[in-house]
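Engineer: This structure is in structure tokens; I'll ask about it shortly.
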Amino acid sequence: MLPRVSATVAIPKPDLQQVFDNLRGSRLRLIGPTVVDGAIALGEIERTEQLPIGWSDEQQPGRYRAKHGAEKTYFAFNVGPHSWRRFLHPPRLTLFSAKANGKMTIEHDGEEPPRYAFIGVRACDLQAIAVQDRVLMNGSYRDPQYVARRSNAFILAVNCTKASSTCFCTSMQSGPRVTGAFDLAATELPDVFVLDVGSEAGSQVLEGTSWAPANAFDVGRATEAVQKAERQITREVRTDHLGSLLFEHLESPLWKEVSGRCLGCGNCTMVCPTCFCTTVVDTIDLSGRSERIRVWDSCYTTDFSHVHGGNIRPSLRARYRQWVTHKFAAWREQFGVSGCVGCGRCITWCPVGIDITEVLKAFRSTGVK
Amino acid sequence: MNQARPKVAVYKFSSCDGCQLAILCLEDELLTLAEKVDIANFLEARSRVVDGPYDITFVEGSITTEEERERIQRIRENSKYLVAIGACAVSGGIQALRNWIHVDAFVQAIYATPEHIHTLATSTPIADHVHVDLELSGCPVNKRQLLTVIASLLRGRIPDVPPYAVCIDCKLNGTPCVMVAQDVVCLGPLTRTGCDALCPSFGRGCYGCFGPSDMSKPETLAEHLKGRRTATPEIIRRLRGINGWSPKFRAATEKLEKTTP
Ligand code: SF4
Ligand code: SF4
Ligand code: SF4
């Protein structure tokens with residue numbers, strides 16, 4: 001027998017391997033957190049031992065440390081340098097390849113979209129996927145690769161039981177408790193995973209595990225664990241009228257002040273789970289074989305805003321302003337939601353540690369005056 | 001390009017030959033290359049020399065002698081499209097460290113017969129002397145980038161040589177930032193990509209061998225590092241290591257020198 005959808009169940013932690021096996025049995029490629037080059041990144045996994053068992057992280061503006069401890073925790077960390085868009089909207093995607101031999105022959109017509117199971121999607125990132133759904137799937141321009149990858153993806157979400165100093169999901173109403181669409185959502189306790197079953201597929205992958213309906217004690221402990229994470233969150237963004245506040249201060253000297261500290265490297269947009277901009281690069285080799293590749297782009301690169309006749313955002317001030325006003329103001333007008341989910345990546349992975357929450361606070365105090 | 005195979009020349013100036021070796025390192029493509037173009041003048045690879053004019057000329061090295069100053073003029077006249085390859089040709093290279101000191105003192109100290117040494121006081125990039133159609137930086141140049149340039153030129157396309165920083169390629173490749181995650185000093189945010197973010201993928205900080213990116217802000221990074229872990233003289237040393245004479249690194253290091261006690 002399998003649990004019904006919307007049931008809450010508990011499984012012993014080692015049973016997670018059975019879930020992995022079931023997912024792999026349905027020919028899904030598992031992507032989950034794993035330690036790479038000193039950080040908890042996302043990569044292809046097959047076994048639970050590849051998860052960052054015993055690892056945690058410490059994050060501050062411009063600083064990230066992965067730490068190994070004594071406890072055998074599976075998910076005692078927050079979001080890392082990668083986000084799920086690497087897999088739903090990959091950094092480089094070959095659209096087609098062609099050969100020039102007098103005429104053009106198409107050799108290869110795009111990539112076969114892989115079928116994934118995402119292990120350990122945090123609340124903020126689940127919200128980020130929902131944001132990208134609006135942009136790439138549910139709007140007027142559907143990206144077929146995104147649609148295929150997204151529709152086939154199995155999502156095992158994880159409620160955060162700790163928060164990093166850079167997290168501000170509570171401000172953006174995206175976490176730390178998972179809401180929205182998932183197949184399974186786990187809360188890790190010392191002995192069991194408490195699982196919310198979100199879909200038929202989520203129920204089916206519990207086949208062969210020793211799942212049991214969660215008892216009141218487990219549910220209570222799970223709630224408490226997520227509340228602990230919530231209490232750890234210190235960063236804050238006031239979102240009321242934030243868009244109009246920024247639009248009213250397009251000429252504020254603050255833009256120049258902050259962009260003076262900015263390196264213009266574009267890392268904030270590259271790590272952001274909701275950014276979706278791409279450019280198209282054509283490659284050619286000596287034999288005349290050519291590939292058209294879609295590559296992530298950023299509003300911080302100069303080519304991005306180079307149009308016929310010149311650059312519409314020639315200064316770093318203009319480019320920095322574009323990023324912030326897009327995330328926190330224009331996005332809402334375009335897609336009906338905030339472009340920021342409060343994951344804090346842009347704060348942690350900015351090499352000089354510029355903190356978006358501080359920047360927005362500075363605008364708030366200008367606005368109040 | 002004309003119907004016949006385009007004629008290609010490769011010349012060397014003051015340099016270590018590493019960029020010419022990068023051409024020879026195109027092992028898998030070298031035979032195809034030799035079919036598509038006439039390697040007309042490339043002394044490092046073959047002794048046969050076909051006279052110019054050449055369709056594409058690659059120039060390695062910087063200008064450090066009177067003889068080189070004259071020779072580059074003749075090469076330019078004999079070339080339709082001139083590509084400066086490598087840090088030396090693009091920014092003056094490591095040997096441009098002489099530009100901040102008195103080269104005579106070195107000549108006297110090092111050579112047994114200093115009177116035989118005829119050298120200019122400075123090491124300067126090719127573009128300081130003649131018009132350069134394209135600059136490909138790197139120490140050495142990246143062979144993929146070289147190939148892209150040749151293949152594009154053969155098809156009459158503008159070569160795609162992105163001007164942005166190494167960081168973007170680290171992010172595309174999924175390399176966690178070594179500066180943020182491992183406290184390694186990295187010039188990546190200041191440096192033009194082209195190497196596919198090689199050093200950080202091995203846990204090393206970027207040495208800046210491709211020179212400044214189009215938005216490079218060395219002083220901003222120096223200010224940040226000063227507050228955290230690395231003193232300004234060390235930053236100056238790193239910036240000057242390979243591409244110090246590029247206008248952006250040069251201006252920044254000179255300013256940093258003035259403002260640092
Ligand atoms: S803007 Fe920053 S905090 Fe917001 S979603 Fe993007 S990376 Fe996360
Ligand atoms: S314009 Fe900039 S901030 Fe907006 S989605 Fe594109 S890269 Fe991200
Ligand atoms: S921002 Fe919230 S949901 Fe995201 S990792 Fe941090 S605590 Fe978890």
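Engineer: So what is the calculated 222 nm ellipticity per residue for chain A, using -39500 (n - 2.57) for each DSSP H run with n of 4 or more, over all residues, to the nearest 500 deg cm²/dmol?
Structural biologist: -8500 deg cm²/dmol
Engineer: If you don't mind, another one. Can you tell me the order of A:69-77, B:9-17 when each peptide is scored by its average per-residue count of other Cβ atoms within 10 angstrom, highest first? Kindly include the intermediate steps, with their values, before the conclusion.
Structural biologist: Numbers: A:69-77: 16.0, B:9-17: 21.0.
Per-residue Cβ counts within 10 Å, averaged per peptide and sorted highest first, yield B:9-17, A:69-77.
Engineer: For B:181-191, what's the mean count of beta carbons from other chains sitting within 10 Å of each residue's beta carbon?
Structural biologist: Partner-chain Cβ atoms within 10 Å, mean over residues of B:181-191: 4.
Engineer: Report D for the stretch B:7-154 in µm² per second (integer): Stokes-Einstein, Kirkwood Rh on Cα pairs, 37 °C, 0.692 mPa s.
Structural biologist: 207 µm²/s
Engineer: What is the helix-to-structure angle for B:218-228, meaning the angle in degrees between its Cα long axis and the longest Cα principal axis of chain B, kept from 0 to 90 and rounded to the nearest 10?
Structural biologist: Once rounded, the angle reads 40 degrees.
Engineer: What are the extents of the Cα atoms of chain B along their three principal axes, listed from largest to smallest and rounded to whole Å?
Structural biologist: Dimensions of chain B along the principal axes of its Cα atoms: 59, 52, 28 Å.
Engineer: Follow-up question, since we're still on this one. Please compute how much accessible surface disappears when A pairs with B, both sides summed, using a 1.4 Å probe, and round it to the nearest 100 Å². Intermediate results must be reported in sequence, preceding the final value.
Structural biologist: Details: alone 17120 and 13560 Å², together 27300 Å².
The contact between B and A buries close to 3400 Å².
Engineer: Quick one: what Rg and Dmax do you get for the stretch B:166-259 from the alpha carbons, in Å?
Structural biologist: Radius of gyration, then largest Cα-Cα span, for the stretch B:166-259: 12.4, 38 Å.
Engineer: I would also like to ask the following. Work out, step by step, the length gained on full extension between A:Gln173 and A:Val281: first 0.36 nm times the residue separation, then minus their alpha carbon distance; give nm to one decimal.
Structural biologist: 35.2 nm
Engineer: How large a share of the accessible area of the stretch B:166-259, in percent, is made up of carbon and sulfur atoms when the probe is 1.4 Å and the other protein chains stay in place? Walk me through the intermediate numbers first.
Structural biologist: Details: 1970 of 3570 Å².
Taking all protein chains in place, the stretch B:166-259 shows 55 percent carbon and sulfur surface.
Engineer: Something else now. Comparing the chain by itself with all protein chains present, which residues of the stretch A:59-102 are at least 10 Å² less accessible (probe 1.4 Å)?
Structural biologist: A:Pro61, A:Gly62, A:Arg63, A:Tyr64, A:Arg65, A:Pro81, A:His82, A:Arg86, A:Pro91, A:Arg92, A:Ala100
Engineer: For B:Lys258, list the aspartates and glutamates whose Cα falls under 15 Å from its own Cα; do not include residues on the same chain fewer than 8 positions away.
Structural biologist: Here the aspartates and glutamates satisfying the reach criterion relative to B:Lys258 are B:Glu219, B:Glu223, B:Glu234.
Engineer: Percent of accessible area on the stretch A:1-153 owned by carbon and sulfur, 1.4 Å probe?
Structural biologist: Exposed carbon and sulfur together represent 50 percent of the surface.
Engineer: So, in nm, how far is label B:Phe202 from label A:Ile53 when the simple model puts each one 7 Å beyond its Cα toward the Cβ?
Structural biologist: With each label point 7 Å from Cα toward Cβ, the separation is 3.3 nm.
Engineer: Calculate the tail of P(r) for the protein assembly as shown: the fraction of all Cα-Cα distances greater than 47 Å, expressed in %.
Structural biologist: Numbers: 48710 of 198135 pairs.
Distances greater than 47 Å cover 25 percent of the Cα pairs.
Engineer: Quick one: net charge of A:Arg289's neighbours, Cβ under 9 Å, K/R +1, D/E -1?
Structural biologist: -2
Engineer: Across peptide B:205-215, how many C-beta atoms of other chains are within 10 Å of each residue C-beta, on average?
Structural biologist: Per-residue shielding by partner chains comes out at 2.
Engineer: For A:Lys13, give me every one of the lysines with a C-alpha distance below 28 angstrom, ignoring sequence neighbours fewer than eight places off in its own chain.
Structural biologist: Excluding near neighbours in sequence, the set is A:Lys67, A:Lys72, A:Lys162, A:Lys228.
Engineer: What is the distance, in nm, between label points placed 7 Å from the Cα along the Cα-to-Cβ direction at A:Arg332 and at A:Arg364?
Structural biologist: Label-label distance for A:Arg332 and A:Arg364, simple model: 1.4 nm.
Engineer: Sort out for me the Cα centre separation of the stretch A:101-129 from the stretch A:42-94, rounded to whole Å.
Structural biologist: Each part reduced to its Cα centre gives a spacing of 20 Å.
Engineer: Estimate the FRET efficiency between A:Arg29 and A:His308 by the formula 1/(1 + (r/R0)^6), using the beta-carbon distance for r and 51 Å for R0, to the nearest 0.05.
Structural biologist: 0.75
Engineer: Under a 1.4 Å probe, what is the accessible area of the protein assembly as shown per residue, stated in Å²? Let's see the in-between values first.
Structural biologist: Details: 27300 Å² over 630 residues.
Normalised by residue count, the accessible surface of the protein assembly as shown is 43 Å².
Engineer: At 0.692 mPa s and 37 °C, plugging the Kirkwood radius over alpha-carbon pairs of the stretch A:242-364 into Stokes-Einstein gives what diffusion coefficient in µm²/s?
Structural biologist: This corresponds to a translational diffusion coefficient of 209 µm²/s.
Engineer: Quantify, in whole percent, the carbon and sulfur part of the accessible surface of the stretch A:273-327 (1.4 Å probe; protein heavy atoms only).
Structural biologist: On the stretch A:273-327, the fraction of accessible area on carbon and sulfur atoms equals 52 percent.
The values are calculated or read from the model by the stated rules, or taken from the named source; none is laboratory data. If you're wondering where the values come from, they're calculated on a predicted model, not measured in any experiment. Neighbour counts run over all protein chains shown; Cβ positions are idealised from the backbone, glycine included. Just the protein is used for accessible areas: all its heavy atoms, side chains included, with ligands, DNA and RNA removed. Shrake-Rupley method; radii C 1.70, N 1.55, O 1.52, S 1.80 Å.
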